[in-house]
1. Is there any pair with a first residue in region 50-74 that is over 18 Å from residue 91 (Cβ atoms) and a second that is of a type in the set (Gly, Ala, Ser) whose Cβ atoms are under 7 Å apart and which are 6 or more apart or on different chains, and what are they?
2. Give the residue, chosen from 73, 28, that is within 30 Å of residue 204 (Cβ to Cβ), surrounded by fewer than 20 Cβ atoms within 10 Å (Cβ to Cβ), over 16 Å from the mean Cα position of the chain (by Cα) and modelled with pLDDT of 95 or more.
3. Within region 82-100, take every residue that is among the aliphatic types (A, V, I, L, M) and surrounded by fewer than 20 Cβ atoms within 10 Å (Cβ to Cβ) and give me the one that is nearest to residue 168 (Cα to Cα).
4. So residue 103 passes all but one of these: (1) buried (at least 19 other Cβ atoms within 10 Å of the Cβ); (2) aliphatic (A, V, I, L, M); (3) within 22 Å of the chain's Cα centre (by Cα); (4) at pLDDT 95 or above. Which condition number does it fail?
5. Could you please find all residues in region 41-75 being within 21 Å of residue 99 (Cα to Cα) and either among the small types (Gly, Ala, Ser) or in contact with a strand residue (DSSP E or B) (Cβ under 9 Å, 6 or more places away or on another chain) (or both)?
Amino acid sequence: MLYRLFAFLALFCILAVPAWADFEIGRRAYENKDWIRAITELRPLAEKGDPRALVILGHMYNDGNGVIKDPTRAVEHYIKAAAQDHVEAVIAMGAMAQSGLGLQQNTHLANVWFERAAKLGDARGMFLTAITYMHGDKTGKTAFHANLPQAYKWFLLAHQTADDPKIRRAAQEMAEGVGGQLRGIDITATKKLVADFTPTEPGGLGPLPSAEALPKPNQQKDLTETPKP
């Protein structure tokens, strides 16, 4: 029995270490701007559904590093990783919806993506969710309005959760500003929500956000970039 256990662990190490090593080589190549090496190492992993590799390749398509700049292809990579609740991919999808690159601009959809990352316990997602709730959709393309209690809630949580001192400090300042516009009863109720907050485990958030489930834009403009020849 013990022999079988050791044999299983040995086989697991043989199979798992190369995949991890490939990702680390690809990640370092990406950070060193060795685009060809990064693609060589990461693409096979991305094809197998590795969310880490999918996100980096998405960044490369979004920025045009080593490939023709193509935000639509970037979204294709991000959403595959986001389907696995990879937080960086979820935030990237929110940013693409907010900017209108790779898909139609939709502030409400961006907020839904950001809030998905926030519910997973990510401080960046919390801060971005708070920002979108604070401003609402100023483009007028969706019926998404400012919600200051929600903004206050997520700023407070971002301040409590963030490891990055810049995010923590900014969240505190924004919370104070938004809190000054709320009634005492709203502040009390929101602080209770903050105290009761528990991050959702990956896989527990249900289906991915869909633009079809959101209020229809008053006007639509396709901002998808086409690849350069």
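1. Filtered contacts from region 50-74: 66/38; 72/102.
2. 73
3. 95
4. Single failed check for residue 103: (4).
5. Hits for region 41-75 are 58, 64, 74.
The values are calculated or read from the model by the stated rules, or taken from the named source; none is laboratory data. Predicted model, so just to flag it, every value in this text is computed and none were measured. Cβ atoms come from the backbone with ideal geometry, glycine included; neighbour counts cover every protein chain shown.
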